[in-house]
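The values are calculated or read from the model by the stated rules, or taken from the named source; none is laboratory data. If you're wondering where the values come from, they're calculated on a predicted model, not measured in any experiment. Virtual Cβ from ideal backbone geometry, glycine too; neighbours counted across all protein chains shown.
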């Protein structure tokens, strides 16, 4: 039996763990404020807040797409739908949306209310820029967003003096009228929730976020035994250990992006991952899930390939092996992992001295879109300025996320325009794209060459600026 | 005044079709054709019928009445009989206890369909004579003679792509059977009158046994105006089973099987004199209509009447054909053919400017419509605001300075280029289909002073109910909070025209005003009697009754109660038909529109020439809305329409497979998001504009600003043409892929 708090009510349910939360909310709990408009995490109409207890007794609230979120994964959490935001008569976010005329047909509006509320509760900084980032997964077909941005701006102005300390955030947002008073009692109520032990059969499907799994085969997963990587609190870490960064297998992409060590050692990666899906998906999707999913165009795989990441894979018996990411992808959706094994950790070497990293992605829409082509570069130069190591990854141009082989010939060259040109040609020649929904093969091949040249131009520009 | 629904939207309390709780409701799912054109040799529904949870499976044999939902021509069966004409054409309806069970059962249906040759190219269809209706031709002046006098002649071909509505609430309806073989249908529909008729015909019962009720739509944009399949199917199932049945399309089903904005192909030839004056224009329109006529001929007609955009074109030859191809029938979409018509001349002028080596703005400015100009179909214009909008924009942004700044930037930058475009808009308001320019309103005043208004207008976020509420309160003299706009219901309002063509507030607002005027006169006379005053000295405003300007000892509520007690009729029905409209289809001459909405915009973009991506950097719009009924609502309409237009012009792209299948699902069909919209997005409403032809001197606002989205296409194109001109301009939309290939693909 699963237990969670839905708005103000404790729910205990025997529904299958693979039922998505959206279906539970609308179909079982009969709360119709949460809307279904795509079922693929592409629109944000079904956004809810998931409040997960922290070890320190607090609760972390994150906005998530409920259409891709199995209820098994919210066991022990506080779920907030729009019906749970009861203000006097409106909450601050709701009031500002009305004041700024940021709603027309109203179908996307509850999702926007929840995303902005999630921003207030969970965003490290309460800046306008972050508020817009928080809305990167909420599509609105009516307003043209101007009014929504105005509401977001007004919200940040109202909260300019609010306390952003995570420990005091809930209290400060309750005081600001962002969430109702009953939120104050939720941490204690969650602590009292009796969580049943969850025996997962040995055939259980491991859900590492599920934001792609539940697009691909929701019907099958509804019937399956599931186990959830989010239960593995021991794998929820990001830290630096000597000259590597270690990210536990359960870390979500958004947590990774926000972690202090990633911001310190890989600030560009933190920024680039904003191009990965959207906030309401990154709040659930994991780096390991994105890798094991083995999409030939996965942004995380492309970034980590260039960074020479290694995967720690453990089996049910606890046996542990390390696989370089470049040896993990064996063929289209085929990978070097056996049934019962999980990726428990990703090891990313810190950038060696003289190393620089750059990521390029072109998609039809810049945000929340799958790339036509993505590529990353890690370039290391010696004291004399010549190349000592070069790694280029490329997605969308073959059956797997590729690490381009045979680039040793560029060692010893200066990273100048001539090298960029030669490298562009070499990488273009290695590409084997196909015509598909993301673009023609000819486009992707030419584009990859350009993006490789762009790597060099961008690094040069950054170097000049520095 | 704000859209009254927002307070509920933000609390998730607004009720849409799928939010109506109905115990025991069954779910209908359609089995549709997997083949673009073919003969059905056999259909096996037995496995589906025996599947768990399945209550019934229906085919064309089960249709109780007429198996037909063709909107204009009777060419669209509800359920295919022996042939199919597009992938996604409904063949059977599966009804199950849950949507999931019905969906699973649909997969068990097998159809043996002999594939026949299908056509997916509109020009090929036209060449084979596969067209809907007849080819339309309009000639005005003497284009041949005029071309001979032109110094510059530009010609070529163009294309514009389809656009998916992406209304958030997909197509859906809930049907509940009642006593005496009646049925009530809650539908997400813009077309109460027409769908009412379609449902009655399919069920084979008189219209008075069908009640269609519409509270609100989660977006429509035209996509819920003409295709009744998704309302008629659950109605049929509910009618036969005598149980409530709901049909809700999932997103990918909706994208794959519903109509889109029509793609067009164009052949154009434009001629100008040495001063840049347009002397002659020839334009052939090929509309990619799809397998059934649906509403395509009306859309084509509007394109046909708008091919001159905002310009005076003295000599013209227009031809237009609606091409019958084997894709899902396309339908109405905000702008209804006007964006496509306008696109043709804007593109022709861009090409002409290139030939002349001049800034296109000068040419556009020179040819803008003025009072006294005559449109190709014979209307002599008055009250033209094209130049006023242009001047207002110029004053705001200084077009020449902006153009110079762009040129300067491009001189000093190679990996990025800027582009800008000024787009003027002239949009005829009225249904081109004369009969639709009518509306009725029913206004009831209750004894407690509360007022209920019913009209044929459908609320879909555009704020029409708020505008009607305002008109009613203003005209009656009641306080706004005493007035409520009820659902759109065919039992209260018969034969309503669709809420489309931007006319919702114009037509229904006017009918409401007429009804309220009658009630006002009646109540004022009664109040005068009560107060023993001369009726001429009595006024009712904002719920206050006054005599000679002084508040009287009589409240609105007391007046209502007293009037009813004194047997005064407290209910009024009124009718409005737009006056002085006429059009001769043979001669292609007439006055099809009551008035025109104008606007001008400037769009500026930055193109990343390395990656083929672009950013819309700034948008400035001046729009003529007459005397706005609600500036807040009109601003929202403008912003939303412009962004939708930019989506059409840039990233929104549907790909079809070689077999005619829509390949683009929700994960690939991208519409503008919050980060795509320019940081500078400034909208000004044209000052001192009035309009005697619409409600309270306002002007229609729903569609005209959509055309400004073209500015994104032309601004990007301008940047591209600055880089190279050795290949033809790519068609619309200008996706990053097309931009990149234009710049980088070897010739």
For residue B:681: the one exception among (1) in contact with a strand residue (DSSP E or B) (Cβ under 7 Å, 6 or more places away or on another chain); (2) at pLDDT below 95; (3) within 11 Å of chain A (Cβ to nearest Cβ): (2)
Residue match in segment A:457-465 (condition: free of Cβ contacts under 8 Å to residues at least 60 places away in the same chain and within 27 Å of the chain's Cα centre (by Cα)): no
Count of segment A:99-112 residues which are closer than 21 Å to residue B:458 by Cα and free of Cβ contacts under 8 Å to residues at least 60 places away in the same chain: 7
Residue list for segment B:673-694, filter: in contact (Cβ under 8 Å) with a residue 60 or more places away in the chain, part of a loop (DSSP other than H, G, I, E, B) and more than 28 Å from residue B:501 (Cα to Cα): B:679
Residue B:72, sole failed condition from (1) within 27 Å of residue B:488 (Cβ to Cβ); (2) under 28 Å from the mean Cα position of the chain (by Cα); (3) more than 14 Å from every other protein chain (Cβ to nearest Cβ); (4) crowded, with 22+ Cβ neighbours inside 10 Å: (4)
Sole exception among (1) crowded, with 17+ Cβ neighbours inside 10 Å; (2) more than 10 Å from every other protein chain (Cβ to nearest Cβ); (3) more than 26 Å from the chain's Cα centre (by Cα) for residue B:736, by number: (2)
Matching option when the condition is under 23 Å from the mean Cα position of the chain (by Cα), assigned to a loop (DSSP other than H, G, I, E, B), more than 22 Å from residue A:243 (Cα to Cα) and modelled with pLDDT of 95 or more, among A:368, A:351: A:368
Helices (runs of 4 or more DSSP H) wholly inside segment A:107-182 that include at least 3 residues being farther than 22 Å from residue A:56 by Cβ: A:109-122, A:128-134, A:146-158
Scope segment A:23-43; condition crowded, with 23+ Cβ neighbours inside 10 Å and in contact (Cβ under 8 Å) with a residue 40 or more places away in the chain; matching residues: A:24, A:25, A:33, A:34, A:35, A:37, A:41, A:42, A:43
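Yes/no matrix, rows are residues, columns are (1) surrounded by fewer than 24 Cβ atoms within 10 Å (Cβ to Cβ); (2) within 10 Å of another protein chain (Cβ to nearest Cβ); (3) under 25 Å from residue A:1 (Cα atoms); (4) touching a residue at least 60 places away in the same chain (Cβ under 8 Å):
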| site | (1), (2), (3), (4) |
| --- | --- |
| A:65 | no, no, yes, yes |
| A:80 | no, no, yes, yes |
| A:97 | no, yes, no, no |
| A:114 | no, yes, no, yes |
| A:125 | yes, no, no, no |
Residue satisfying condition, being in contact with a strand residue (DSSP E or B) (Cβ under 9 Å, 6 or more places away or on another chain), within 10 Å of another protein chain (Cβ to nearest Cβ) and surrounded by fewer than 24 Cβ atoms within 10 Å (Cβ to Cβ), within set B:650, B:664: B:664
Qualifying residue in segment B:590-607 (condition: touching a strand residue (DSSP E or B) at 6+ places or on another chain (Cβ under 7 Å), away from chain A (no Cβ under 14 Å), closer than 17 Å to residue B:506 by Cα and without any contact (Cβ under 8 Å) to a residue 60 or more places away in the chain): no
Candidate set: segment A:184-210, residues that are over 14 Å from residue A:72 (Cα atoms) and in contact (Cβ under 8 Å) with a residue 40 or more places away in the chain; chosen: the one surrounded by the most Cβ atoms within 10 Å (Cβ to Cβ): A:190
Test for residue A:212: is it over 18 Å from the mean Cα position of the chain (by Cα) and farther than 22 Å from residue A:121 by Cβ: no
Subset of segment B:623-647 [more than 10 Å from every other protein chain (Cβ to nearest Cβ) and either surrounded by 22 or more Cβ atoms within 10 Å (Cβ to Cβ) or within 20 Å of residue B:219 (Cα to Cα) (or both)]: B:623, B:624, B:625, B:626, B:629, B:634
Count of residues meeting criterion [buried (at least 19 other Cβ atoms within 10 Å of the Cβ), touching a helix residue (DSSP H, G or I) at 6+ places or on another chain (Cβ under 6 Å) and either more than 7 Å from every other protein chain (Cβ to nearest Cβ) or not in a helix (DSSP H, G or I) (or both)] in segment A:430-444: 3
Boolean, residue A:301 is in contact with a helix residue (DSSP H, G or I) (Cβ under 6 Å, 6 or more places away or on another chain) and either surrounded by fewer than 24 Cβ atoms within 10 Å (Cβ to Cβ) or under 19 Å from residue A:399 (Cβ atoms) (or both): yes
Residue check, residue B:727 within 28 Å of residue A:446 (Cβ to Cβ), assigned to a loop (DSSP other than H, G, I, E, B), within 11 Å of another protein chain (Cβ to nearest Cβ) and over 23 Å from the mean Cα position of the chain (by Cα): no
Any hit, segment B:451-463, residues being assigned to a helix (DSSP H, G or I), at pLDDT 95 or above and over 30 Å from residue B:739 (Cβ atoms): no
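For every residue, the table says whether it meets (1) at the interface with chain B (Cβ under 7 Å from one of its Cβ atoms); (2) surrounded by 23 or more Cβ atoms within 10 Å (Cβ to Cβ); (3) not in a loop (DSSP other than H, G, I, E, B).
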residue: A:83; (1), (2), (3): yes, no, yes
residue: A:90; (1), (2), (3): yes, no, no
residue: A:93; (1), (2), (3): no, yes, yes
residue: A:102; (1), (2), (3): no, yes, no
Unique residue being in contact (Cβ under 8 Å) with a residue 40 or more places away in the chain, assigned to a loop (DSSP other than H, G, I, E, B) and either within 14 Å of chain A (Cβ to nearest Cβ) or closer than 28 Å to residue B:186 by Cβ (or both) when the list is B:52, B:34, B:23: B:52
Qualifying residue in segment B:209-217 (condition: surrounded by fewer than 24 Cβ atoms within 10 Å (Cβ to Cβ) and either within 14 Å of chain A (Cβ to nearest Cβ) or closer than 17 Å to residue B:94 by Cβ (or both)): yes
Number of positions in segment A:127-144 that are in contact with a helix residue (DSSP H, G or I) (Cβ under 8 Å, 6 or more places away or on another chain) and either surrounded by 24 or more Cβ atoms within 10 Å (Cβ to Cβ) or touching a residue at least 40 places away in the same chain (Cβ under 8 Å) (or both): 12
Qualifying residue in segment B:695-705 (condition: under 21 Å from the mean Cα position of the chain (by Cα), within 12 Å of another protein chain (Cβ to nearest Cβ) and either crowded, with 24+ Cβ neighbours inside 10 Å or touching a residue at least 12 places away in the same chain (Cβ under 8 Å) (or both)): yes
